[in-house]
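The values are calculated or read from the model by the stated rules, or taken from the named source; none is laboratory data. Since the model is a prediction, treat every value here as computed from it, not as a measurement. Don't worry about glycine lacking a Cβ; one is built from the backbone with ideal geometry, like all the others, and counts go over all protein chains shown. Ligands, DNA and RNA are stripped out before the accessible areas are found, and what is left, the full protein with its side chains, is counted by its heavy atoms. Shrake-Rupley method; radii C 1.70, N 1.55, O 1.52, S 1.80 Å.
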Amino acid sequence: LPPSPSSPPLAPSVSAAGTSVVRLSGHYALGGTPLLLSGGRVDLTLEGVGPEGATIDAEGMSRAIEVTGGASLTLRQIHVVNGTATSGGGLFVHGAGSTLLMDRSSIQDSVSTGSFPEGGGGPKYPAM
């Protein structure tokens with residue numbers, strides 16, 4: 001993921017088995033490529049450090065994070081912003097065994113735009 005000038009890069013896809021903790025600070029702009037976690041033995045924790053934590057910004061070009069295929073994601077002091085997709089604008093967690101835990105984290109300014117919006121990120125429901 002291309003970060004802001006002051007942040008190091010963040011990998012766009014995690015599918016290797018194992019447990020990882022990644023500590024982040026600052027602002028990470030995704031540039032239209034969501035972070036994808038896939039696979040039943042993937043267990044990732046993204047942990048924001050410092051008083052503000054970290055921000056993952058989809059920039060209104062894509063969903064921010066997708067968790068599928070039994071993967072597990074923990075967000076600690078991570079703020080997901082500006083996601084948009086037909087399902088799960090900020091976050092989309094699907095597939096048997098896939099999990100998400102949020103601790104002192106948020107999803108802001110994100111929308112789902114499909115006919116049956118679902119998932120995280122402030123879904124926008126169709127007019128009746």
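If you scan the range 24-64, which residues turn out to be in a loop (DSSP other than H, G, I, E, B) and among the charged types (D, E, K, R)?
Scanning the range 24-64 gives Arg41, Glu52, Glu59, Arg63.
Test of understanding: among Thr33, Thr19, Thr55, which residue is in contact with a strand residue (DSSP E or B) (Cβ under 8 Å, 6 or more places away or on another chain) and at pLDDT 85 or above?
Testing whether each residue is in contact with a strand residue (DSSP E or B) (Cβ under 8 Å, 6 or more places away or on another chain) and at pLDDT 85 or above leaves just Thr55.
Among Gly40, Gly60, Gly50, which is modelled with pLDDT under 90 and either of a type in the set (Phe, Trp, Tyr) or open to solvent by 30 Å² or more (accessible area, probe 1.4 Å) (or both)?
Of Gly40, Gly60, Gly50, the one residue that is modelled with pLDDT under 90 and either of a type in the set (Phe, Trp, Tyr) or open to solvent by 30 Å² or more (accessible area, probe 1.4 Å) (or both) is Gly40.
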